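Shown next, in structure tokens, is the structure this report addresses.
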Amino acid sequence: MKRVLVQRTAAWIGVSTMVLAAASPVIVSAATTSGNTTINATLASVISLTTSTTVALAVTPTSSGSATSASDTVTVATNNASGYSLTLADTDTNTALVNGGNNIAGHAGTFASPTTLANNSWGYRVDGAGTFGAGPTTAQTNQANLSGIWAGLPSSAAPQQLKTTATNTAGDATSVWYGVKVDTSKPTGTYTDSVTYTAVTN
């Protein structure tokens, strides 16, 4: 009896070992890899320009000449990191203010050599640009002479660069002053011309 009991015990131990071996999980190591992707958001260069649209110069002429000035505000916005350049020109090749068959000639002064505004002429100036001087220019009405020195409008065939910037801007404003001086030899009426500002990214 003792020997049989020992044999059964041994047999039970053997079966238990087989069951445990069958129940043990098989461990497998997972393979892994990774990669990177670069995201590029490329922004296009954009630019916009606004002006006052109209500059009114009301003058009461005198025999020796009466002069009036007023300003236009040109505002440029651009996201271009290198900034922009601003030019000015008459919209055509006729730089006179015109009223039917009558006209007020463009001033003889230039951007490079501005001068005191002459009688029966009109022109512009930009404080701090070219050799106009620092200013500040202020609006004047019916004065014998306008303060500062002035230039005649360049023809559309040869626009004048007024300024250039080096960075992007949400709204860079430039004051462009216009002046006219006339005597009583000019008939009454509204004398008109138009100018074109152009802003180009650098």
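Since every read-out is calculated from the coordinates, none of them should be taken as a lab result. Please read all numbers here as calculations on a predicted model, not as lab measurements. No Cβ is skipped: glycine too gets one built from the backbone with ideal geometry, and neighbour counts run over all protein chains shown.
Residues in the range 84-102 that are part of a strand (DSSP E or B) and closer than 12 Å to T196 by Cα were compared, and the one that is farthest from the chain's Cα centre (by Cα) is D90.
Of the strands (runs of 3 or more DSSP E) lying entirely inside the range 116-202, those containing at least 3 residues that are β-branched (V, I, T) are 169-182, 195-201. All of (1) under 23 Å from the mean Cα position of the chain (by Cα); (2) under 15 Å from A96 (Cα atoms) hold for P159 with one exception: (2). Among the criteria (1) crowded, with 18+ Cβ neighbours inside 10 Å; (2) of a type outside the set (F, W, Y); (3) under 14 Å from S71 (Cα atoms), the one A173 does not fulfil is (1).
Close contacts from the range 29-57, counting a first residue that is in contact (Cβ under 8 Å) with a residue 24 or more places away in the chain and a second that is part of a loop (DSSP other than H, G, I, E, B), with Cβ to Cβ under 6 Å and a gap of 6+ residues or different chains, come to S45/N80; V46/N79. For the range 57-83, filtering for residues that are farther than 30 Å from A118 by Cβ, among the aliphatic types (A, V, I, L, M) and assigned to a loop (DSSP other than H, G, I, E, B) leaves 1.
Among what's in the range 104-117 and is of a type outside the set (F, W, Y) and crowded, with 18+ Cβ neighbours inside 10 Å, pick the residue that is nearest to G135 (Cα to Cα). Show your work before the answer.
Narrowing the range 104-117 to residues of a type outside the set (F, W, Y): 104-110, 112-117.
Those still in the list that are crowded, with 18+ Cβ neighbours inside 10 Å too: 104, 106-107, 109, 114, 117.
Working: I104: 25, G106: 22, H107: 19, G109: 17, P114: 14, L117: 15 Å.
So the residue we want is P114.
Only a single item in (1) surrounded by 20 or more Cβ atoms within 10 Å (Cβ to Cβ); (2) without any contact (Cβ under 8 Å) to a residue 60 or more places away in the chain; (3) among the charged types (D, E, K, R) is not met by D90, and it is number (2).
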